Amino acid sequence: LVEGQGGFCGCFDSGGQGLGHSRGHGAWGGKAEDKEWVPVTKLGWLVEDMKIKSLEEIYLFSLPIKESEIIDFFLGSSLKDEVLKIMPIQKQTRARQCNRFKAFVFIGDYNGHVGPSVKSSKEVGTAICGAIILAKLSIISVRHGY
């Protein structure tokens, strides 16, 4: 045994950097708290600097929305989401069946903006959260009275 390591090769030592190292508290494992939005796209910077005043300006020039926080900035608390269906799906591999969940989500404010989405994941909560983000990215404007 090597001194200072808790195994025959040190791979499963809790403090080492081998195969069994702990995940720590990175971007995924921390507390769920509201963080300040830091834009990463040019459209995000324009929205944060108040150069773009509404979603209709984005739709007018057919700009792709890559950040869900842009939708939160404009529509914010008026958005309501509805989980339409959660469907278990299975994929047969050579070794076993892989179980996953598919979530169908519809999001919108009751003022002409709607967005549908579908997301599949190994866990139900992850599928729903991912589907809500995808629904925000695919939100479109609906004209009233046509």
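The values are calculated or read from the model by the stated rules, or taken from the named source; none is laboratory data. Every value quoted in this text rests on a predicted model; they were computed, and no experiment measured them. Note that we place each Cβ from the backbone using ideal geometry, even for glycine, and neighbour counts take in every protein chain shown.
Observations on the model:
- In this structure, GLU82 qualifies as modelled with pLDDT of 95 or more and within 28 Å of SER120 (Cβ to Cβ).
- ALA103 touching a Phe, Trp or Tyr at 6+ places or on another chain (Cβ under 7 Å), on the phi < 0 side of the Ramachandran plot and without any contact (Cβ under 8 Å) to a residue 60 or more places away in the chain: no
- Taken over the range 85-102, the criterion of being surrounded by 11 or more Cβ atoms within 10 Å (Cβ to Cβ) and of a type in the set (A, V, I, L, M, F, W, C) is satisfied by ILE86, MET87, CYS98, PHE101.
- Residue list for the range 106-137, filter: touching a residue at least 24 places away in the same chain (Cβ under 8 Å) and over 19 Å from ASP72 (Cβ atoms): SER120, VAL124, ALA127
- For ILE140, the requirement of being touching a residue at least 24 places away in the same chain (Cβ under 8 Å) and surrounded by fewer than 16 Cβ atoms within 10 Å (Cβ to Cβ) is met.
- Applying a threshold of 8 Å to beta carbon distances and a minimum spacing of six or more residues, or different chains, the list of pairs starting in the range 30-43 at a residue that is at pLDDT 85 or above and polar (S, T, N, Q) and ending at one that is surrounded by 11 or more Cβ atoms within 10 Å (Cβ to Cβ) and assigned to a loop (DSSP other than H, G, I, E, B) reads THR41/LYS66; THR41/GLU67.
- Hits in the range 93-146 - residues which are farther than 18 Å from TYR59 by Cα, assigned to a strand (DSSP E or B) and among the polar types (S, T, N, Q): GLN97, ASN99, SER117, SER120, SER121
- Residues located in the range 42-72, provided they are touching a Gly at 6+ places or on another chain (Cβ under 9 Å) and in a helix (DSSP H, G or I): GLU69, ILE70, ILE71
- Test result for LYS119, in contact with a helix residue (DSSP H, G or I) (Cβ under 8 Å, 6 or more places away or on another chain), modelled with pLDDT of 95 or more and closer than 15 Å to ALA135 by Cα: yes
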